[in-house]
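**Q** If you scroll down you'll find the structure; I have some questions about it.
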Amino acid sequence: MDLTSGTSTEIPVGANPGEVVVSSDGRTAYAANQGSDTVSVIDVATAKVTSTVAVGDVPAGLALTPDGRTLWVADYSDDAVQPIDLATNTPGAKIPVGDGPENMAITPDGTTLYVANIHDSTVSPVDIATGRADTPIAVGPNPFNVVAAPDGRTVYVSNSGGSTVTPIDTTTNDTRPTFLVTGQAYGLAVSPDGRTLWVSASNGDTITPLDTVTGAPGTPVTVGRSAFDVTLDWNGTTAYVTTADAGTLIPVTTATEKVGTPLKTGAYPLAATVTGVPIN
């Protein structure tokens, strides 16, 4: 979707795409196709799939290493994660984690992958260098999304079985006091300065800004029904929210919390990401 003009192009991928991430140079996107057990590699400039990689059972989450060389995939029904070598698009061996891995985040230093396990209410830290999962971290009910703070000291976990977000100290893997939001905590996006965490409510119609220092929630911003995911542009000035029931992407100016004109998407948008640099 061109965010300036609002025009969009539908790109055929695999069945039931549920997550999408984009490379740091903005040139390649990756879609997790939960219904066909594949990942689609997409050239952003041409809006075409250039490769399809077979992975494990029900790929639910994706995370790119900071160097852009490896894409990690959460295989929901295999209770495992696995890497894809992006130089060759070759999937690696599966690493067992918790029950029902969903979404993931990698620390900015590229050392640790944090995996939300929705069925056993834990987060698995995976050492990327050794390929080993560490002791699971108990969080809130049904963790779904994970994001890492820009300084790498904290990861935040949305607990979709309630209205809470759990911060995890990445140095010790201890949890910090839980944040309370409005509605079912689902999508997460953290501002470039790390001071604000935006939380979308998939069973509601709002996104809530959270002060990450005090843990205090701001006033919820009404965007539309089934606000599944929220993502920020490169400098954090605009949040974009997928409203699944309406089939729209809603822009919100973060400084004023003003809601912009809805942008039409395909049916039932679940996830969104924004390229970091202009595509020529």
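**Q** Checking N203 against (1) under 18 Å from the mean Cα position of the chain (by Cα); (2) closer than 29 Å to D245 by Cβ; (3) buried (at least 16 other Cβ atoms within 10 Å of the Cβ): exactly one of these is not met. Which one?
**A** N203 satisfies every listed condition except (3).
**Q** Shifting gears a bit: Among the numbered criteria (1) within 16 Å of the chain's Cα centre (by Cα); (2) at positive phi, which one does G110 miss?
**A** For G110, the exception is condition (1).
**Q** Condition first: in a strand (DSSP E or B) and under 21 Å from V115 (Cβ atoms). Can you find one or more residues in segment 10-18 that meet it?
**A** Taking every residue of segment 10-18 in turn, at least one turns out to be in a strand (DSSP E or B) and under 21 Å from V115 (Cβ atoms).
Table: residues versus (1) under 17 Å from V147 (Cα atoms); (2) touching a strand residue (DSSP E or B) at 6+ places or on another chain (Cβ under 7 Å); (3) open to solvent by less than 30 Å² (accessible area, probe 1.4 Å).
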site	(1), (2), (3)
T178	yes, yes, no
V181	yes, yes, yes
P192	yes, no, no
V230	yes, yes, yes
V241	yes, yes, yes
A244	no, yes, yes
V259	no, yes, no
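**Q** Can you tell me which of (1) within 25 Å of F228 (Cα to Cα); (2) in contact with a Ser or Thr (Cβ under 8 Å, 6 or more places away or on another chain); (3) at pLDDT 95 or above is the one T182 doesn't meet?
**A** With (1) within 25 Å of F228 (Cα to Cα); (2) in contact with a Ser or Thr (Cβ under 8 Å, 6 or more places away or on another chain); (3) at pLDDT 95 or above applied to T182, the lone miss is (3).
**Q** So, one more: Six or more apart or on different chains, Cβ atoms under 9 Å: show the pairs whose first residue is in segment 132-143 and farther than 16 Å from A185 by Cβ and touching a residue at least 24 places away in the same chain (Cβ under 8 Å) and whose second is open to solvent by 40 Å² or more (accessible area, probe 1.4 Å) and in a strand (DSSP E or B).
**A** What qualifies is A133/P96; A133/D127; D134/D127; I137/T175; A138/T175.
**Q** Here is a follow-up. Determine the pairs where a residue that is within 11 Å of V22 (Cα to Cα), located within segment 62-74, has a partner that is of a type outside the set (G, A, S) and surrounded by fewer than 16 Cβ atoms within 10 Å (Cβ to Cβ) with Cβ atoms under 8 Å apart, the partner being 6 or more residues away or on another chain.
**A** That search, which allows pairs on different chains as well, returns G68/D25.
**Q** Name the residues in segment 146-162 that are touching a residue at least 24 places away in the same chain (Cβ under 8 Å) and either open to solvent by 20 Å² or more (accessible area, probe 1.4 Å) or part of a loop (DSSP other than H, G, I, E, B) (or both), would you?
**A** V147, A148, A149, P150, D151, G152, S160, G161 - these are the residues of segment 146-162 that are touching a residue at least 24 places away in the same chain (Cβ under 8 Å) and either open to solvent by 20 Å² or more (accessible area, probe 1.4 Å) or part of a loop (DSSP other than H, G, I, E, B) (or both).
**Q** Separate question: Name the pairs: first residue in segment 43-58 and under 25 Å from V81 (Cα atoms), second residue in a loop (DSSP other than H, G, I, E, B) and hydrophobic (A, V, I, L, M, F, W, C), Cβ to Cβ under 8 Å, at least 6 apart or on different chains?
**A** From residues that are under 25 Å from V81 (Cα atoms), the pairs are V49/I11; V49/V13.
**Q** Anything in segment 124-145 that is part of a strand (DSSP E or B) and either of a type in the set (D, E, K, R) or surrounded by fewer than 18 Cβ atoms within 10 Å (Cβ to Cβ) (or both)? List them, or say none.
**A** D127, R132, A138, listed by residue number.
**Q** Examine segment 10-18 for a residue that is of a type outside the set (S, T, N, Q) and under 17 Å from the mean Cα position of the chain (by Cα), and state whether such a residue exists.
**A** Yes, segment 10-18 has at least one match.
**Q** Suppose we filter A272, A255 for residues that are among the aliphatic types (A, V, I, L, M) and farther than 16 Å from N145 by Cβ; which single one remains?
**A** Only one candidate passes the filter, namely A255.
**Q** A follow-up question, please. Could you list, in sequence order, all residues of segment 103-135 that are under 18 Å from P91 (Cα atoms) and of a type in the set (D, E)?
**A** D127
The values are calculated or read from the model by the stated rules, or taken from the named source; none is laboratory data. On a predicted model such as this, the values are computed, not experimentally measured, just so you know. So basically every Cβ, Gly included, is an ideal-geometry build from the backbone, and we count neighbours across all protein chains shown. Heads up: the accessible areas ignore ligands, DNA and RNA and are worked out on the full protein's heavy atoms, side chains in. Shrake-Rupley method; radii C 1.70, N 1.55, O 1.52, S 1.80 Å.
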